[in-house]
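Here is the structure we will look at.
Rule-based calculations on the coordinates, nothing more; no lab input. On a predicted model such as this, the values are computed, not experimentally measured, just so you know. Counting neighbours? That spans all protein chains shown, and the Cβs are built from the backbone with ideal geometry, glycine included.
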Amino acid sequence: MEDGGRLETQKVALWCNYVFVALTAIGWLGIAHFILPARADLGLDATKVWYTQSHRMGVLVGCTIFYIAAGLLTPGSIQFGIMLAKIEGRRPVMAITTAVCGVFISLIVFFNCCAWVVAAYRPQTGADVIQSWNDWAWMAFLLGWIYLTIEMLATGIVELMDRRPRPMVPRWMTWFTFGGAIALFTAAGPAFTKSGPFAYHGLLAYYIPVAIWGAYISLTTWFMMKELGREGSESTPGVLHRDRPAVAAADRAPAL
Amino acid sequence: MPLMRERLTVVWIVLITATVVSTWVFSRATFRPPVAVVGTFLIAALKVRFVMLDFMELRHAPVPVRVAFESWIALVTLLILGFWFATPSLH
Amino acid sequence: MSCTVTVQQSLPPTEPQPCKSQRLPGVDGFWAFIGFDCVIFAVLFFSFLQARHGDPALFEASRRTLDSNLAGLNTIILLTSSWMVALAVQAVKRDELDRVPRFVFGGVSAGLLFVLFKSVEYGHELAAGITPATNAFSMWYFTLTGIHVAHLLVGTSLLAYVGTKSRQRAYHSRHRAVLESVATFWHLVDVLWIVLFPLLYLQR
């Protein structure tokens, strides 16, 4: 049935988010060793050694995995938008914003991986060139916090529009999303410092924002997956409809 | 009830008094640094607790929430004092 | 404890309760935001303390250049502001609707006074050549107080909004969640300053 088919592709799209998070953890944090990256204040020669010797293979393999994962963030983010559009209804500007920002991040991460691969690609490249590629990748990665903040704020705004007794996303999660969105701004720090918690290897500029990002994607996907399960049982004849969707039936198949 | 007899007002007066003590009494040189610092931050912890319990109404909140926030107060105070005692003394 | 736990304030209790019901005031889920903010600030405090541990002499010397009298006065101002906002929520619970805007705008005025004195303080420091780039302590000082002032400005704006609505009698005992949540956020701003002030100014 058409509705059932759409439900399946929607679930696949949401699953892409889970796969993205897993591959990021395994490939980028693990294999590429970005769980403990080359520090911003490591110095020219030590940075070159990090990329062309000690961590060369790890960076090449791990960043390959990471850009593949980043590709999956595109359908995953679009599905976020679709799930939110079901709540927002006609002219779903916030839902589309969520989707587009997610797609932007998908593309940004892709370019970051290319840069880190380039840094490790030719061992004979000059140390200052390697450092520049590394710096560019970090800046593009972390300064992209703005897109994630906008994505998370847009998500939260739509979630608040959900007036059902059991909304798609519980209110505490929505308010965590707002808190996380604002807390991300410490990722702006790297432009101004090379050491300490606000540098690109720091607690406040890197680790916490990445943790917020991972939690937002994973938890929001989980709640949306449950919602799709609810939708599936609602379209099954004989099942009691306890939670009528807030939007009109005509919007069940949203035309974005 | 006249304003001065309200519990909120009594709490406010206690908060102001505590602030005066920690800002202008403990800061004097007559108090040794460990005494001043511990006193100041214990006062700060008590002030935060009063604001949370009475102004933010946590006194009447579900117990797990109240426990979570009171734990935050304890953790932050321990963090600050722990670091202070672990940091080499300048005196 | 045999209290009835009430989740939403919109439903009146159906039977007499042995003690006051346990409830979280305000908009549903908003306390998650408050808790999250507290956790983030705890991490900021930790990072500051770590930095201070690395260079206690520098941090102490820089601390002495701060004006703790002005900041102490600001602490009193913010506590007073919190008191007034708490009184506003109490008034709305008692349906004393005329008092609500008076208390709320009292809170707003105190908040603006804080901003004024803080600006004066920043002005003195900048005039003396102390900027966020001067040293590690000044970076932390401007960052922590800057984030706090940003919270304060948002809080003041929200208070002004609910103050205006309360003049139109938009809030009463059965409809007060937004006012309560704005008040909760304001008290958080106060709580954060209660910790920040001794952390930056009084820790010798």
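Computed about the Cα centre, the dipole magnitude for the stretch C:116-198 is approximately 580 debye when only Lys and Arg (+1) and Asp and Glu (-1) carry charge, each at its Cβ.
Quick one: net charge around residue B:18, please, counting Lys, Arg +1 and Asp, Glu -1 for every other residue with C-beta under 12 Å from its C-beta. Around residue B:18, the charge tally is +2. If the segment from residue A:8 to residue A:163 were pulled out straight at 0.36 nm per residue, it would be longer than the present Cα-Cα gap by 53.2 nm.
Within the listed set B:77, B:23, B:40, the Gaussian network model of chain B (springs between alpha-carbon atoms below 10 Å) gives the highest mean-square fluctuation for B:23.
Peptides A:211-219, A:194-202, A:158-166 ranked from most to least packed by the mean count of surrounding Cβ atoms within 10 Å: A:194-202, A:211-219, A:158-166. Each of residue B:9 and residue A:57 was given a label point 7 Å from its Cα along the Cα-to-Cβ line. The distance between the two points is 7.7 nm. Once the dipole of the protein assembly as shown is set up with Lys and Arg at +1 and Asp and Glu at -1 on Cβ about the Cα centre, which of A:204, C:81, A:147 lies farthest towards its positive end? So the residue furthest toward the plus end is C:81.
For the peptides C:191-197, C:172-178, residues were scored by their other Cβ atoms within 10 Å and the scores averaged per peptide; the highest-first order is C:191-197, C:172-178.
For chain B, the longest principal axis of the Cα atoms and the long axis of helix B:33-50 meet at an angle of about 10 degrees. With unit charges on the beta carbon (Lys/Arg positive, Asp/Glu negative), name the residue among B:14, B:75, A:123 whose Cα is farthest towards the positive pole of the charge dipole of the protein assembly as shown. Of the listed residues, the answer is B:14. Here the scattering of chain A is modelled by Debye summation over its C-alpha atoms, one equal scatterer each and no solvent; at q = 0.15 Å⁻¹ the log10 of I(q)/I(0) is -0.99.
Ranked by the mean number of other Cβ atoms within 10 Å per residue, highest first, peptides C:94-104, B:64-74, A:80-90 order as A:80-90, C:94-104, B:64-74.
Only the Cβ atoms of Lys and Arg (+1) and of Asp and Glu (-1) were treated as charged; on that basis the dipole of the protein assembly as shown about its Cα centre amounts to roughly 980 debye. Annotation: cysteines of chain A without a disulfide-compatible partner (Cβ-Cβ under 4.7 angstrom) are A:16, A:101, A:114. Cβ under 11 Å from residue C:62's Cβ, residue C:62 left aside: what net charge do those residues give with Lys, Arg +1 and Asp, Glu -1? Charge balance near residue C:62 sits at 0. Calculation over all alpha carbon pairs of the stretch C:30-202 in 5 angstrom steps from 0 returns a P(r) of 1, 8, 17, 19, 17, 14, 9, 7, 4, 3, 1, 0 percent. Apply the Debye scattering formula to the protein assembly as shown, with a single equal point scatterer on each alpha-carbon and no solvent, then give log10 I(q)/I(0) at q = 0.13 Å⁻¹. After summing over all Cα pairs, the log10 values are -1.35. Here is what passes the span test in chain A: the DSSP H helices with alpha carbon length of 30 Å or more along the helix axis and a Kyte-Doolittle mean of 0.5 or above are A:56-88, A:93-121.
Rounded to whole Å, the principal axis extents of the Cα atoms in the stretch A:15-148 read 56, 24, 21, largest first. For chain C, the membrane-span-like helices by this rule, meaning whole DSSP H stretches whose C-alpha atoms cover at least 24 Å of axis and whose Kyte-Doolittle mean is 0.5 or above, are C:30-54, C:68-93, C:99-127, C:136-167, C:177-197; this says nothing about an actual membrane.
Only helical runs count toward this figure. For chain B, summing -39,500 (n - 2.57) over DSSP H runs of n ≥ 4 and dividing by all residues gives -21000 deg cm²/dmol at 222 nm.
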